[in-house]
Amino acid sequence: MSSLPPASDPAQTTVPLQLPQGSVAVRMRVFGTAEQELTAAVTPPWPQWMRRLYEVYALQSSRVDASRGEVGVATALAALKERIAHRLGAVSFVCAHLEELGWEVAVSGPDVIAYRVTAPDEARQTMDAHQLTGAVIAVGDVDEQGRVRLYEPWELSAAGGAEWGRGDG
């Protein structure tokens, strides 16, 4: 699950995307605001891989103490660079595999939306069969049951984009 702000924040999704009738969509937030990104890099909890990165940085700098949740701005910026690269790699991986399975991928504001005309159960079964569910959950929205959140066309607002609702991690 991504650690970016909830997709239910209507200010974050500004470009309307009209999905074809009968389709389902997966939403992946690529970037937060600069403030959100910097705060996530400076303030714990961090993903395990990022904590380990800070532990390595601690060997080089007295301004880093990952065990106490203390990092300097320079270290946080270096980690943010890695975090964004990691996220872009993961989103790219998911998009490439979904495209191979016949999904369309589009950009909508700060989000990448993958969609396909199919039933929700069939979409989930296809992701499971191709072992993509975990990767999609890592970068996309999740529902109340912790499953891949699939959006339907009626969830798009006529007045300015998607009315997203999600669980975020």
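Residue-wise test of (1) in contact with a strand residue (DSSP E or B) (Cβ under 7 Å, 6 or more places away or on another chain); (2) loosely packed, with under 15 Cβ neighbours inside 10 Å; (3) modelled with pLDDT under 80.
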position	(1), (2), (3)
LEU4	yes, no, yes
ALA11	no, yes, yes
GLN18	yes, yes, no
ARG27	yes, no, no
THR33	no, yes, no
ALA41	no, no, no
ARG52	no, yes, no
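Every residue, every condition in (1) at pLDDT below 95; (2) surrounded by 17 or more Cβ atoms within 10 Å (Cβ to Cβ), yes or no:
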residue	(1), (2)
VAL107	yes, no
GLN125	no, no
LEU132	no, yes
ILE137	no, yes
ASP143	yes, no
ALA158	yes, no
GLY165	yes, no
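Which residues, counting only those in the stretch 120-142, are part of a loop (DSSP other than H, G, I, E, B) and more than 13 Å from ALA25 (Cα to Cα)?
Selection gives HIS130, GLN131, LEU132.
Of all residues being crowded, with 18+ Cβ neighbours inside 10 Å and not basic (Lys, Arg) in the stretch 111-122, which is farthest from the chain's Cα centre (by Cα)? Just the residue, please. Lay out the reasoning, then the answer.
Start the filter on the stretch 111-122 by keeping residues that are crowded, with 18+ Cβ neighbours inside 10 Å, which leaves 111-116, 118.
Still in the list and also not basic (Lys, Arg): 111-115, 118.
Values: ASP111: 8, VAL112: 9, ILE113: 11, ALA114: 12, TYR115: 15, THR118: 22 Å.
Among those residues, the one meeting the criterion is THR118.
Restricting attention to the stretch 78-85, does a residue exist that is of a type in the set (Asp, Glu) and closer than 30 Å to ARG116 by Cβ?
From the stretch 78-85, those of a type in the set (Asp, Glu) are 82; that's our starting set.
Next, only the ones that are closer than 30 Å to ARG116 by Cβ stay: none.
The answer is no, given that none of the residues of the stretch 78-85 is of a type in the set (Asp, Glu) and closer than 30 Å to ARG116 by Cβ.
Please determine whether any residue of the stretch 62-70 is out of contact with any strand residue (DSSP E or B) (no Cβ under 6 Å at 6 or more places or on another chain), at pLDDT below 90 and either among the hydrophobic types (A, V, I, L, M, F, W, C) or over 25 Å from THR39 (Cα atoms) (or both).
First, the residues of the stretch 62-70 that are out of contact with any strand residue (DSSP E or B) (no Cβ under 6 Å at 6 or more places or on another chain): 62-70.
Next cut, at pLDDT below 90 only: 62-70.
Add one more test, that the residue is either among the hydrophobic types (A, V, I, L, M, F, W, C) or over 25 Å from THR39 (Cα atoms) (or both), and what stays is 64, 66.
Yes, some residue in the stretch 62-70 is out of contact with any strand residue (DSSP E or B) (no Cβ under 6 Å at 6 or more places or on another chain), at pLDDT below 90 and either among the hydrophobic types (A, V, I, L, M, F, W, C) or over 25 Å from THR39 (Cα atoms) (or both).
The values are calculated or read from the model by the stated rules, or taken from the named source; none is laboratory data. Every value quoted in this text rests on a predicted model; they were computed, and no experiment measured them. As a convention, Cβ positions derive from the backbone with ideal geometry for all residues, glycine included, and neighbour counts pool all protein chains shown.
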